[in-house]
Amino acid sequence: MSDVSPPPAPVFHARGLSKTYVMGDVEVHALRSVDLDIFEREFVVLLGPSGSGKSTLLNILGGLDAPTSGEANWRDHNLVGADDAELTRYRREHVGFVFQFYNLIPSLTVLENVALVTEIASHPLNARDALALVGLEHRLDHFPSQLSGGEQQRVAVARAIVKSPDVLLCDEPTGALDYETGKVVLAAIVRANQQLGTTTVIITHNAAISGMADRVLRLGGGRIVGEERNPRRLSPDEVHW
């Protein structure tokens, strides 16, 4: 009998993903036959310049967009064949999103912004615990206008993780932040990955962030043009740009 364990099944499995946008007489090929597997608890960085297809790929994995052709699955969920109601349920139950812009509700406090999500989640964290995870337990009663940009982004991270998502999808989460603030936000995302076991995908054009990943996928011209695995993940304190 063999002692070799079978390889783990990917939580994301995509084959032949293509996405074409038609703008008048012009066709823009955002993705071209992308094959992709992402595994449970992985921390993956999708690295590439603007226009390489990163955001389109992330939006398809998150159920926010559909490919022109190809297949994409989250575990046993067929993301390509799903209707709007199924995709809404998938996003609500399984996915946390962090975008470059925070999209907080200005009339709600920090705690209320995060607690709002727990009302639609099946197995949410305590909102205070989620804010403690990102180091904002002392800002619960403040409003977004009273926070710095980095603090607002950390609230957005807490809002994404409070519903205990299986996967956290981050679109340039430090793109609007300065160096030191960006590292604080990255540290919050890393804690979610390590302490909650959340599969995490970050897209960025900042090559330095790739040192924090288990695996780095490089995109160019709508294709995955390179893949590398880090022998050791760097901590946010070790990342410099």
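Every number in this text was worked out from the coordinates using simple rules, so none of it is lab data. Note that the structure is a prediction, hence the values are computed from the model and not measured. Methodologically, a virtual Cβ is constructed for each residue, glycine included, from the backbone with ideal geometry; neighbour enumeration extends over all protein chains shown.
If you put +1 on each Lys and Arg Cβ and -1 on each Asp and Glu Cβ, how big is the dipole of region 57-190 around its Cα centre, in Debye rounded to 20?
Numbers: 10 positive and 18 negative charges, 54 e Å.
The dipole of region 57-190 has a size of about 260 debye.
Over all Cα pairs of region 74-139, how is the pair count split among 5 Å bins, expressed in % and running from 0 up to the last occupied bin?
3, 14, 20, 23, 17, 11, 8, 4, 0
Evaluate the Kirkwood expression for the hydrodynamic radius of region 63-109, namely the inverse of the mean inverse distance over all pairs of different C-alpha atoms, and round to one decimal in Å. Show your work: numbers first, answer last.
On the way: mean 1/r = 0.0794 Å⁻¹.
The answer is 12.6 Å.
If you look at just the Cα atoms of the chain, how large are its Rg and its Dmax in Å?
So, for the chain, Rg and Dmax equal 18.0, 63 Å respectively.
Which angle from 0 to 90°, rounded to the nearest 10, does the C-alpha axis of helix 84-94 make with the longest principal axis of the chain?
60
Let me spell out the model: positive unit charges on the Cβ of Lys and Arg, negative unit charges on the Cβ of Asp and Glu, origin at the Cα centre of the chain. What dipole size does that give, in debye rounded to 20? Write down the numbers at each step before the final one.
On the way: 22 positive and 30 negative charges, 53 e Å.
Dipole of the chain, to the nearest 20 debye: 260 debye.
Taking the Cβ of F39 as the centre, find all other residues whose Cβ is under 10 Å away and add up their charges (Lys, Arg: +1; Asp, Glu: -1). Could the numbers behind the result be given before it?
On the way: positive: R41, R215; negative: D37, E40, E42, D214.
So the surrounding residues net to -2.
Relative to the longest principal axis of the chain, what angle (0 to 90°, nearest 10) does the C-alpha long axis of helix 149-161 take?
70
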